[in-house]
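Worksheet: one structure, shown below.
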Ligand SMILES: *Cc1c(COP(=O)(O)O)cnc(C)c1O
């Protein structure tokens, strides 16, 4: 696609990926590794695809700085299936209980599924205030099987900038901020993320798990839902989502080549600052999330004067901006500025916001 036709895509997911990755992925669909075959028609057991899976698993560990206590899996079913796999694999069959932080619709979805398996205690919730902040000051009793949190709340634009110190395995849904900022990933025992927000196309779900937390529930786990089986099969228990795994690998290679997480974090902070500064400066707008909990990935904001809605909507659409509407549950606007979003596109949005001053 020629440059002028390319939209500025602020969609929350599936979302923008680096342009170079789109081109490489398109090439591989037509001819993979010069084999005269498409990536989509070769066996997932072929040498060329096994190499893709091996490298995809390895690069995740390199980027997260994790040692061999951890395993990396590319599964299917999205983050939503992880809501189920987690308690199946981590909550004890007899008297199982887990602590969850309720920070939004996705966290609530995880809670709903976990309740099928045992006791779920909500240690903190911001539901009463429309999930506009991250609860703090809670404690997690060491008697829980695990603690679950959601690092970035895609719909509301809130993000955990600190994680609690807990004496139980810490599980985190990082679907919408995975690889966006440096974290001590070794503090987590299980991390999961649907690929389609910041890593690749829909289809693959990344699971990073510390092996020693598994095998303790005494449950009879169905094969596909058993992390230990996937580990044993090196993430090839059944046919993996080959296109999503390959394109995720391309995105992660692009990230590594361009300075890794530290470099992209710097850009993400600059982009977020640019946009939040305008929201705070311009009396036509107000931010949705509590300032200290603002997300670097999803910037949600509202118009202070609804009569300007038509003017603003026309202005951003005319500027070639797409995907700016807020989630239906909170309305307003949401600019998703994931890793691949260029700062020039954020500047364009800011210019449009200034123009309705
Ligand atoms: C999008 C999203 C989900 C749902 O992901 P699926 O892969 O569609 O199941 C879960 N959690 C968070 C934080 C999300 O942003």
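Each value in this text was obtained by applying a stated rule to the coordinates, not by laboratory testing. These numbers were taken from a predicted model, which means no experiment stands behind them. For neighbour counting, all protein chains shown are included, and Cβ atoms are generated from backbone atoms with ideal geometry for every residue, glycine included.
By the count of neighbouring beta-carbon atoms within 10 Å, fewest first, 181, 55 end up ordered 55, 181. In this rough spin-label picture, where each label sits 7 Å from Cα along the Cβ direction, the residue 273-residue 212 distance is 4.0 nm. Where only DSSP H runs of four or more residues are counted, the chain gives -10500 deg cm²/dmol as its mean residue ellipticity at 222 nm, each run worth -39500 (n - 2.57). When the chain is treated as a Gaussian network with alpha carbon springs shorter than 10 Å, the biggest mean-square fluctuation among 11, 223, 322 belongs to 223.
Taking a ≥ b ≥ c as the square roots of the eigenvalues of the Cα gyration tensor, the range 137-199 is classed as prolate, since a/c reaches at least 1.5 and a/b is larger than b/c. As a proxy for reagent exposure, ranking 73, 225 by other Cβ atoms within 10 Å from fewest up yields 225, 73.
Based on the reciprocal of the average 1/r between different C-alpha atoms, the Kirkwood radius for the range 260-354 equals 13.6 Å. Under the simplified labelling scheme, the residue 257-residue 130 pair shows an inter-label distance of 4.3 nm, with each label point 7 Å from Cα along Cα→Cβ. For the chain, modelled as a Gaussian network with Cα springs under 10 Å, which listed residue fluctuates most, 141, 68, 167? Per the Cα network of the chain with a 10 Å cutoff, 68 tops the list. Restricting the calculation to Cα atoms, every distinct pair contributes to the Kirkwood radius of the range 161-302, found to be 17.6 Å. Where both bridge residues fall in the range 23-257, DSSP classifies roughly 45% of the beta bridges as antiparallel.
Would you mind classifying the range 68-193 by shape? Square roots of the alpha carbon gyration tensor eigenvalues, ordered a ≥ b ≥ c; an a/c under 1.5 is rounded, otherwise it is prolate if a/b is larger than b/c and oblate if not. It comes out rounded by the Cα gyration axes. Model label sites at residue 354 and residue 315, defined 7 Å from Cα along the beta-carbon direction, differ in position by 1.1 nm.
For the pair residue 5 and residue 220, the difference between a 0.36 nm per residue extended length and the Cα-Cα distance amounts to 72.1 nm. Straightening the chain between residue 23 and residue 121 buys 30.7 nm, computed as 0.36 nm per residue apart minus the Cα-Cα spacing. Given 10 °C and 1.306 mPa s, how large is the Stokes-Einstein diffusion coefficient of the range 23-257 in µm²/s, with Rh as the Kirkwood radius over Cα pairs? Reported coefficient: 87 µm²/s.
Considering the chain as a Gaussian network with a 10 Å cut-off on Cα pairs, which listed residue, 219, 57, 183, attains the greatest mean-square fluctuation? Per the Cα network of the chain with a 10 Å cutoff, 219 tops the list.
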